[in-house]
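Participant: After the structure tokens below, expect a handful of questions from me.
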Amino acid sequence: MSNSDVAPTDQDFRGVDALLKNLSVECHDFGTPIPPCSEVQRQQLAMLGPLFREWNAQINVISRKDMDAFFTRHVLHSLSVARVFRPEPGARILDVGTGGGFPGLPLAILFPQAEFTLCDSIGKKIKVVKAVAEALDLKNAKGVWARAEALTDRPLFDFVLSRAVTKMPTFLDWVRPLIADDHEHGLPNGVLYLKGGDLKAELSPVREKVLEWSLSDVLKDPWFETKKLLHVAL
């Protein structure tokens, strides 16, 4: 599959423009407006729609219900991280349990100067990640078929991203050995984690400093009502 096989629809562009507008509002309780997108980035984000419709028909990486709300539940959810996160050029970022490529792919589009490694233990999902990155000409996003714990032979990462792959204490045990010590970004190096629900009990064993933002402060779709973004400094 190549760029010539698929093209964004007007609805895809409307979805992208709506999410960029959502993420550009002022809200002191949830970071700052995301960086402006170039027209190339807008096109790349819109291309995610047809690419995932095409791939999902072959390899079911996203549920049908979620595909109906693709730009809200996957692209907008992923880019919400950029309200608080501004990686420096050359930053190394690992997306653990990326599935079809979220949050890593949209963030790699938004931050082309950072290096993204997207890993998952399911090979067919990484096949989709690699194909979509290639179709979008995303040179800064690489798919890796592996468990996070197996990546200790690679250079260390500045940040680890994930969307609720397991309970936070278990996740921190997995990724602690992968985080670099030199802190060169607005946030201390560590974990950025998207998760929903009441997290008080889950976070109680965590000894590191945890910052928490409610996505519903900016994103008014009911789907975000209980969704949170967490940062754990490691």
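Participant: Residues in segment 135-180 that are small (Gly, Ala, Ser) and out of contact with any strand residue (DSSP E or B) (no Cβ under 8 Å at 6 or more places or on another chain): how many?
Facilitator: In the first step, residues of segment 135-180 are kept if they are small (Gly, Ala, Ser); the result is 135, 141, 143, 146, 148, 150, 162, 164, 180.
Those left that are additionally out of contact with any strand residue (DSSP E or B) (no Cβ under 8 Å at 6 or more places or on another chain): 135, 150.
So the count comes out to 2.
Participant: Quick one: would you say Asp217 is over 17 Å from the mean Cα position of the chain (by Cα) and at pLDDT 95 or above? Reasoning before the result, please.
Facilitator: On the way: over 17 Å from the mean Cα position of the chain (by Cα): yes; at pLDDT 95 or above: yes.
Yes: the conditions hold for Asp217.
Participant: Now, a different point. Please return the ranges of strands (runs of 3 or more DSSP E) entirely within segment 145-230 where 1 or more residues are polar (S, T, N, Q) and crowded, with 21+ Cβ neighbours inside 10 Å.
Facilitator: Numbers: elements: 159-163, 190-196, 210-214.
Here the list reads 159-163.
Participant: Consider Val129 carefully, then state whether it is over 25 Å from Gly31 (Cβ atoms), crowded, with 21+ Cβ neighbours inside 10 Å and within 19 Å of the chain's Cα centre (by Cα). Before the answer, list the steps.
Facilitator: Values: over 25 Å from Gly31 (Cβ atoms): yes; crowded, with 21+ Cβ neighbours inside 10 Å: yes; within 19 Å of the chain's Cα centre (by Cα): yes.
Considered against the rule, which asks whether it is over 25 Å from Gly31 (Cβ atoms), crowded, with 21+ Cβ neighbours inside 10 Å and within 19 Å of the chain's Cα centre (by Cα), Val129 comes out as yes.
Participant: So which residues in segment 60-69 are touching a residue at least 40 places away in the same chain (Cβ under 8 Å) and either crowded, with 20+ Cβ neighbours inside 10 Å or in contact with a Gly (Cβ under 6 Å, 6 or more places away or on another chain) (or both), if there are any at all?
Facilitator: As a first pass, look at segment 60-69 and keep what is touching a residue at least 40 places away in the same chain (Cβ under 8 Å): 61, 69.
Of everything in segment 60-69, just one residue is touching a residue at least 40 places away in the same chain (Cβ under 8 Å) and either crowded, with 20+ Cβ neighbours inside 10 Å or in contact with a Gly (Cβ under 6 Å, 6 or more places away or on another chain) (or both), namely Val61.
Participant: Looking at segment 108-128, can you tell me whether even one residue there is of a type in the set (Val, Ile, Thr), modelled with pLDDT of 95 or more, farther than 21 Å from Val6 by Cα and not in a strand (DSSP E or B)? Break it down stepwise before answering.
Facilitator: Within segment 108-128, the first condition is being of a type in the set (Val, Ile, Thr), and the residues that meet it are 109, 117, 122, 126, 128.
Okay, now just the ones that are also modelled with pLDDT of 95 or more, so 109, 117, 122, 126, 128.
Imposing the further condition that a residue be farther than 21 Å from Val6 by Cα reduces the set to 117, 122.
Those left that are additionally not in a strand (DSSP E or B): 122.
Yes, because at least one residue in segment 108-128 is of a type in the set (Val, Ile, Thr), modelled with pLDDT of 95 or more, farther than 21 Å from Val6 by Cα and not in a strand (DSSP E or B).
Participant: Using the structure shown, decide if Gly123 is of a type in the set (Gly, Ala, Ser), within 16 Å of Gly97 (Cβ to Cβ) and free of Cβ contacts under 8 Å to residues at least 24 places away in the same chain. Walk me through it before giving the result.
Facilitator: Working: of a type in the set (Gly, Ala, Ser): yes; within 16 Å of Gly97 (Cβ to Cβ): yes; free of Cβ contacts under 8 Å to residues at least 24 places away in the same chain: yes.
Spelling it out, Gly123 is indeed of a type in the set (Gly, Ala, Ser), within 16 Å of Gly97 (Cβ to Cβ) and free of Cβ contacts under 8 Å to residues at least 24 places away in the same chain.
Participant: While we're on this one: Evaluate the following for Asn56: is it of a type in the set (S, T, N, Q), closer than 23 Å to Pro8 by Cβ and over 15 Å from the mean Cα position of the chain (by Cα)?
Facilitator: Working: of a type in the set (S, T, N, Q): yes; closer than 23 Å to Pro8 by Cβ: yes; over 15 Å from the mean Cα position of the chain (by Cα): yes.
Against the criterion (of a type in the set (S, T, N, Q), closer than 23 Å to Pro8 by Cβ and over 15 Å from the mean Cα position of the chain (by Cα)), Asn56 qualifies.
Participant: Hey, could you check segment 181-213 for residues that are under 19 Å from the mean Cα position of the chain (by Cα) and among the small types (Gly, Ala, Ser) and say which is nearest to Gly104 (Cα to Cα)? I'd like the intermediate steps shown before the answer.
Facilitator: Kept after step one, since they are under 19 Å from the mean Cα position of the chain (by Cα), are these residues of segment 181-213: 185-197, 210-213.
From the residues that got through so far, the ones that are among the small types (Gly, Ala, Ser) too are 186, 190, 196-197.
Values: Gly186: 19, Gly190: 16, Gly196: 18, Gly197: 22 Å.
In this case the residue turns out to be Gly190.
Participant: Only one of Ala114, Ala91, Ala82, Ala108 is surrounded by 20 or more Cβ atoms within 10 Å (Cβ to Cβ) and in contact with an Asp or Glu (Cβ under 7 Å, 6 or more places away or on another chain). Can you tell me which?
Facilitator: Going through Ala114, Ala91, Ala82, Ala108 in turn, just one is surrounded by 20 or more Cβ atoms within 10 Å (Cβ to Cβ) and in contact with an Asp or Glu (Cβ under 7 Å, 6 or more places away or on another chain): Ala91.
Participant: Okay, next question. Does segment 6-29 contain any residue that is part of a loop (DSSP other than H, G, I, E, B), farther than 24 Å from Val218 by Cβ and in contact (Cβ under 8 Å) with a residue 60 or more places away in the chain? Can you show your working first?
Facilitator: So the first thing to find is which residues in segment 6-29 are part of a loop (DSSP other than H, G, I, E, B), and the list is 6-9, 23-29.
Within this subset, residues satisfying the condition of being farther than 24 Å from Val218 by Cβ are 6-9.
Filter once more, keeping what is in contact (Cβ under 8 Å) with a residue 60 or more places away in the chain: 6.
For segment 6-29, residues part of a loop (DSSP other than H, G, I, E, B), farther than 24 Å from Val218 by Cβ and in contact (Cβ under 8 Å) with a residue 60 or more places away in the chain: present.
The values are calculated or read from the model by the stated rules, or taken from the named source; none is laboratory data. Fair warning: this is a prediction, and the values are worked out from it, not measured in the lab. Virtual Cβ from ideal backbone geometry, glycine too; neighbours counted across all protein chains shown.
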